[in-house]
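Participant: I am attaching a structure below and will ask some questions about it afterwards.
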Amino acid sequence: MSYLKVDNLTAGYGQMRILHGVDLEIAKGEIGVIAGPNGAGKSTLLKALFGMADITGGQVSLDGENIASIPPDRLAAHGVAYVPQEYNVFPSLTVNENLEMGAYVRNDDWSAVLDRVYGLFPPLREKRRQPAGELSGGQRQMVAVGRALMIEPKMLLLDEPTAGLSPMFMSEIFDRVLAVNAAGVTILMVEQNAKQALAIAHRGFILANGENSWTGTGRELLDNPDVARSFLGG
Amino acid sequence: MIAAAILIAVAIVVFASQGPVYSTRMFVEAGCYALIALGLNLQWGYAGLFNVGVMGLIAAGAATSMIATFPSNPLFWNSGGPGLLGWFLARLGLAILLIVFANMSDRIGFGPKARALAIAVAIAAAWILVTEGVNPMAAEIETKATWIGGFGLPVFVGWLLAAVVAGLISWFIAKVCLGLRADYLAIATIGFAQIIKTFLKNADWLTRGTLTVSPLPWPVVKPAEGEFLLARSLYLCLVAVLIIVIYLALQRAWNSPWGRMMRAIRDNEEAAAAMGKDVNRRRLEIFVIGSMLIGFGGAVLIHFTGVFDPAGFIDLNHTFLVWVMVILGGAGNNRGAIFGALLIYVIWTMSAPAATLLFDALRDYGKVWFDWDAPSDLDSRAFQMRVFVIGLTITLVLRLAPAGVLPETVKHRK
Amino acid sequence: MEALVFLINKALVAGLVIGSIYALGAIGVTLIFGILRFAHFAHGDLMTLGAFFTLALAGIGASLGIATPFPIALAALLPAMLLTAASAIAIDRTFYRPLRLAKVRPIIIVIASVGVTLMLQGAIRLVAGVGTRNMFFDQAKDIHRFTLPGARREIVMTEPQVVLVALTICAMVGLHWFLTRSRLGKAMRAVSDNPDLARITGIDTDRVVRATWVTAGALACAAGSLLSMDVFLKPDLAFNLLLPIFAAAIVGGIGQPFGAIAGGFLIGFSETLAIFDWGVLFRELNPLLPALLQLPTSFAFVPTEYKLMVPFVILIIVLVYRPTGVFRGKVF
């Protein structure tokens with residue numbers, strides 16, 4: 001029973017087509033990883049799911065519901081949260097205010113959620129009054145993910161969460177991803193560090209040139225010698 | 001071709017309704033605006049530069065030409081004026097050199113803070129040098145001779161000098177502002193235009209200020225008493241020739257290797273820069289050449305009107321009207337700019353009597369139907385109608401045909 | 001002492017007054033710059049529109065026989081601010097929003113605002129004429145006087161000037177509260193920081209845009225009305241203010257409302273101090289100085305006609321050397 005189903009998706013930006021018919025399926029509560037060489041269209045796939053790219057064909061359904069035509073500012077209310085790769089915080093707002101904005105669409109008392117997010121990212125608690133733009137890369141990333149978690153999403157889309165981070169931060173981020181997933185959140189992640197990402201993935205999707213290249217469970221892909229050779233390299 | 005037909009139709013209507021004397025005048029002025037519009041079109045259509053300081057360039061060009069071509073003022077040359085003027089120019093030169101050197105001080109090892117300080121000091125020193133020099137000179141000239149008079153050069157020379165000075169001013173503006181994003185450039189150019197106008201208005205020693213200078217010499221036969229038609233027709237022919245020559249030159253340039261490079265930059269700046277084209281230098285070139293055209297057109301226009309009045313330069317007429325002409329004609333399209341200029345100018349001029357008619361009717365019928373007493377300044381309010389219409393034209397063109405505003409893009413290979 | 005009073009009146013009070021005008025206008029401009037990402041050339045005429053609304057409402061109030069303990073123009077200010085705010089939203093909906101939805105280049109929207117400013121100018125003068133109006137309908141303005149010890153001359157501030165400064169302070173405090181304590185205010189800052197992320201987060205950008213126009217419109221009305229009360233209401237109130245207001249917004253840092261306030265006062269004081277005749281003070285000091293160091297008895301940095309040069313030069317210097325402005329706003 002698939003939770004997120006992408007069927008033959010073609011998408012791009014304006015006149016430029018990036019994805020030429022991509023399929024993707026993950027079940028509820030799974031971690032899906034999208035990997036592939038640069039320019040394969042990984043980020044575009046996530047953006048298309050969130051309405052930030054132009055979908056020209058195909059279907060996207062979440063829990064049976066077609067979300068392809070829902071504009072980005074309404075997807076938060078559907079329980080989908082998206083963390084872009086760059087410019088993913090509000091630099092002049094404090095850490096606390098960033099998280100507050102994450103809860104913008106909520107009408108209830110979210111102080112418990114705020115507490116849990118600080119619990120998940122303890123370094124943020126002492127920096128709560130600092131403008132997010134002044135934090136280090138790793139801490140900014142925590143703010144970015146924390147902001148997305150404030151709506152207690154059903155599905156979380158992460159675009160290269162470990163980009164530009166040191167290896168220590170990398171494993172911390174993956175630990176958090178696992179913790180969030182353990183709480184029942186379905187996760188779809190684009191990752192450059194494919195090896196580590198596939199190790200924690202239930203499903204893996206390797207893209208090349210805007211099309212599916214290999215698909216399977218994380219373990220399968222890691223064990224596949226062709227995959228390993230062509231680009232798992234380091 | 002439709003455009004040409006429309007224009008001819010309009011011309012016929014105008015000549016028929018207003019008579020040849022008035023009509024030739026209207027078309028000469030429209031032609032001058034066409035020259036100015038070609039210059040602005042160069043800047044916006046070829047390089048995407050939003051120059052809202054058109055008025056300033058027109059004024060500067062016209063002032064230059066006026067001073068160059070007006071007969072000389074013996075009172076000035078016989079007084080201590082020339083000496084003081086010479087000294088003043090020397091001081092001005094020194095002031096400029098100071099600032100230039102301070103700006104280059106990083107080459108002799110000044111760090112950024114030291115350089116900033118040097119520039120600030122240079123600017124202050126330059127300011128003092130200039131202001132100290134102006135006052136005695138201005139006083140001397142104004143009391144003894146009213147103003148410096150002209151240099152009696154031929155009109156064409158004056159016009160060319162107008163282009164040169166406008167080019168120099170715009171070169172300076174560009175050096176300071178061209179790297180700014182479009183709306184900052186707009187704000188900066190408006191400011192420059194205001195400064196230029198204020199200067200021309202207050203430098204009585206240079207321009208007679210509000211006393212104005214007239215009559216300005218013509219390149220062709222001047223209209224003798226009552227005999228306007230011949231002179232104006234000759235002027236019209238001259239302007240038409242100028243438009244054609246400049247249009248052909250621009251089209252040649254557009255189709256030349258230089259033009260192809262400019263289009264490459266306009267359509268994809270990053271790629272062009274990556275290929276080693278000096279984008280900034282090209283934009284500077286376009287800005288200066290466009291400004292030269294604007295200054296030139298301004299001189300031609302003001303000479304025709306016969307009077308140099310600094311207070312008569314208004315943003316509305318001299319900047320925004322030209323912008324409407326360029327926008328309506330389709331940015332980047334030279335024929336469009338000429339067409340837009342002629343059409344808009346005719347509509348603008350004809351809308352004055354039309355507005356008065358309308359408001360007179362309003363006044364009369366209002367009294368008859370509603371017993372409404374029109375305010376006494378209804379006529380000046382009629383003018384405002386035209387302002388409103390110009391604004392409406394801009395917003396409508398943007399809403400309905402935004403492509404008219406955007407520079408033409410090369411059709412991409414699909 | 002006399003000279004000091006002269007300085008205070010002519011330079012400091014005047015600087016405070018014009019600085020407040022610039023500050024109120026610049027707040028709107030910088031918010032529009034930061035959230036809607038374009039230079040709103042029609043802001044000056046928005047201020048004029050606001051002033052005319054105040055005049056009209058005051059006139060209606062007076063003819064209806066409403067009596068107030070303070071000048072009726074001041075009473076009309078609040079409803080006029082609301083009217084102007086509504087007009088600003090209407091203008092945006094009609095002229096700017098369609099262009100935003102069509103995703104045009106920002107400069108196109110700037111050109112549209114030029115069109116709007118011409119339409120406003122034309123419309124205002126069409127309806128109200130081109131003459132000068134007195135906002136107080138020929139009643140005298142209340143004047144507050146202060147005396148410094150030892151001076152015969154008094155420091156003078158008129159009632160509208162006092163109201164203006166008080167209003168600017170209230171605006172500052174209110175704005176601070178709004179932007180740091182209220183949800184909508186924080187959302188405005190978020191949109192200004194990163195509009196894409198704001199959409200992703202689910203922030204209602206339409207609401208933020210409306211709030212921006214309401215704030216800009218209301219403050220523009222206040223600035224225009226109070227300036228007109230200070231002098232006279234002229235239809236070309238607008239254009240002369242546009243450049244200094246833009247300068248204040250840019251100097252203070254785009255998108256930083258408090259920078260805009262600081263920028264407004266910086267430019268206001270720079271103007272008044274630059275055109276002030278320091279010779280008046282020098283005359284007092286000269287008897288104390290040796291003969292060699294006598295100061296000129298008439299000295300101004302900038303002649304009054306060139307007053308406009310001050311904000312302009314400051315603007316150019318900032319644009320060239322520190323485009324992010326004093327408070328490090330955006331340079332996008």
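The values are calculated or read from the model by the stated rules, or taken from the named source; none is laboratory data. Predicted model only: the values in this text are computed from it and were never measured. A quick note on method: Cβ atoms are made from the backbone with ideal geometry, for glycine too, and the neighbour counts reach across all protein chains shown.
Participant: Consider the range A:85-106. How many of its residues are more than 14 Å from residue A:150 (Cα to Cα) and facing chain C (nearest Cβ under 7 Å)?
Facilitator: Within the range A:85-106, residues that are more than 14 Å from residue A:150 (Cα to Cα) and facing chain C (nearest Cβ under 7 Å) number 6.
Participant: Still on this structure, please answer the following. Could we say that residue C:274 is over 22 Å from residue C:37 (Cβ atoms) and in contact with an Asp or Glu (Cβ under 8 Å, 6 or more places away or on another chain) here?
Facilitator: Here the answer is no, as residue C:274 does not meet what is asked.
Participant: Please verify whether residue B:363 is at pLDDT below 85 and assigned by TED's automatic domain parsing to the domain that holds residue B:194, treating the condition exactly as stated.
Facilitator: The answer is yes for residue B:363.
Participant: Please go through the range A:52-61 and give me each residue that is surrounded by 22 or more Cβ atoms within 10 Å (Cβ to Cβ) and free of Cβ contacts under 8 Å to residues at least 40 places away in the same chain, ordered by number.
Facilitator: none
Participant: Sticking with this structure for a sec: Considering the range A:141-179 alone, what residues qualify as being hydroxyl-bearing (Ser, Thr, Tyr) and not in a helix (DSSP H, G or I)?
Facilitator: Within the range A:141-179, A:162, A:166 qualify.
Participant: If residue C:43 passes every condition in (1) modelled with pLDDT of 90 or more; (2) over 17 Å from the mean Cα position of the chain (by Cα); (3) within 26 Å of residue C:133 (Cβ to Cβ) but one, which one does it miss?
Facilitator: With (1) modelled with pLDDT of 90 or more; (2) over 17 Å from the mean Cα position of the chain (by Cα); (3) within 26 Å of residue C:133 (Cβ to Cβ) applied to residue C:43, the lone miss is (2).
Participant: Output the number of residues of the range B:99-143 satisfying the condition of being among the small types (Gly, Ala, Ser) and outside any helix (DSSP H, G or I).
Facilitator: 2
Participant: On to the next question. Between A:224, A:181, which is surrounded by fewer than 24 Cβ atoms within 10 Å (Cβ to Cβ) and over 19 Å from the mean Cα position of the chain (by Cα)?
Facilitator: A:224
Participant: Of everything in the range B:193-242 that's over 23 Å from the mean Cα position of the chain (by Cα) and in a loop (DSSP other than H, G, I, E, B), which residue is farthest from the other protein chains (Cβ to nearest Cβ)?
Facilitator: Per the stated criteria, the residue is B:221.
Participant: Evaluate the following for residue B:328: is it touching a Leu at 6+ places or on another chain (Cβ under 9 Å) and among the aliphatic types (A, V, I, L, M)?
Facilitator: yes
Participant: Condition first: within 12 Å of chain C (Cβ to nearest Cβ), surrounded by fewer than 24 Cβ atoms within 10 Å (Cβ to Cβ) and under 15 Å from the mean Cα position of the chain (by Cα). Can you find one or more residues in the range A:109-132 that meet it?
Facilitator: no
Participant: Tally time: how many residues in the range A:1-51 are closer than 19 Å to residue A:191 by Cα and surrounded by 21 or more Cβ atoms within 10 Å (Cβ to Cβ)?
Facilitator: So the answer is 23.
Here is a yes/no grid of residues against (1) within 17 Å of residue C:218 (Cα to Cα); (2) facing another protein chain (nearest Cβ under 7 Å); (3) of a type outside the set (A, V, I, L, M, F, W, C):
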position	(1), (2), (3)
C:83	yes, no, no
C:86	yes, no, no
C:96	no, no, yes
C:113	no, no, yes
C:123	no, yes, no
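Participant: Looking at the range A:67-84 only, could you name the residues that are at the interface with another protein chain (Cβ under 10 Å from one of its Cβ atoms), over 17 Å from residue A:190 (Cβ atoms) and assigned to a loop (DSSP other than H, G, I, E, B)?
Facilitator: A:71
Participant: Considering only residues that are surrounded by 15 or more Cβ atoms within 10 Å (Cβ to Cβ) and either modelled with pLDDT of 85 or more or part of a helix (DSSP H, G or I) (or both), which ones fall in the range B:68-81?
Facilitator: Residues satisfying the conditions are B:68, B:69, B:70, B:75, B:76, B:81.
Participant: Still on this model: Could you say which residue among C:280, C:326, C:313 is within 24 Å of residue B:192 (Cα to Cα) and either part of a loop (DSSP other than H, G, I, E, B) or away from chain B (no Cβ under 14 Å) (or both)?
Facilitator: After applying the criteria, what remains is C:326.
The rows are residues; the columns are (1) in the same structural domain as residue B:37 (by TED's automatic domain parsing); (2) under 14 Å from the mean Cα position of the chain (by Cα); (3) of a type in the set (Lys, Arg); (4) surrounded by 23 or more Cβ atoms within 10 Å (Cβ to Cβ).
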| site | (1), (2), (3), (4) |
| --- | --- |
| B:295 | yes, yes, no, yes |
| B:300 | yes, yes, no, yes |
| B:304 | yes, no, no, no |
| B:317 | yes, yes, no, no |
| B:341 | yes, yes, no, yes |
| B:344 | yes, no, no, yes |
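Participant: Go over the candidates C:263, C:255, C:279 one by one and state the one that is closer than 16 Å to residue C:10 by Cα and out of contact with any Leu (no Cβ under 7 Å at 6 or more places or on another chain).
Facilitator: C:279
Participant: Let me ask something else about it. Given the options B:326, B:405, name the one that is surrounded by 20 or more Cβ atoms within 10 Å (Cβ to Cβ), modelled with pLDDT of 80 or more and within 14 Å of another protein chain (Cβ to nearest Cβ).
Facilitator: Result of the check over B:326, B:405: B:326.
Participant: So residue C:183 clears everything in (1) within 30 Å of residue A:48 (Cβ to Cβ); (2) at the interface with chain A (Cβ under 10 Å from one of its Cβ atoms) except one condition, right? Which one?
Facilitator: (1)
Participant: How many of the residues making up the range C:243-287 are without any contact (Cβ under 8 Å) to a residue 12 or more places away in the chain and buried (at least 21 other Cβ atoms within 10 Å of the Cβ)?
Facilitator: Residues that pass the stated criteria total 0.
Participant: Here is a follow-up. I'd like the full set of residues that are over 30 Å from residue B:44 (Cβ atoms), modelled with pLDDT under 85 and aliphatic (A, V, I, L, M), limited to the range C:54-108.
Facilitator: Hits for the range C:54-108 are C:62, C:64, C:66, C:67, C:72, C:73, C:74, C:75.
Participant: Name the single residue that is farthest from residue B:198 (Cα to Cα) among those in the range C:289-310 being outside any loop (DSSP other than H, G, I, E, B) and either modelled with pLDDT of 80 or more or touching a helix residue (DSSP H, G or I) at 6+ places or on another chain (Cβ under 8 Å) (or both).
Facilitator: Only one residue tops the list, namely C:310.
Participant: Criterion first (surrounded by fewer than 16 Cβ atoms within 10 Å (Cβ to Cβ) and at pLDDT below 80) does residue B:374 satisfy it?
Facilitator: In short, yes.
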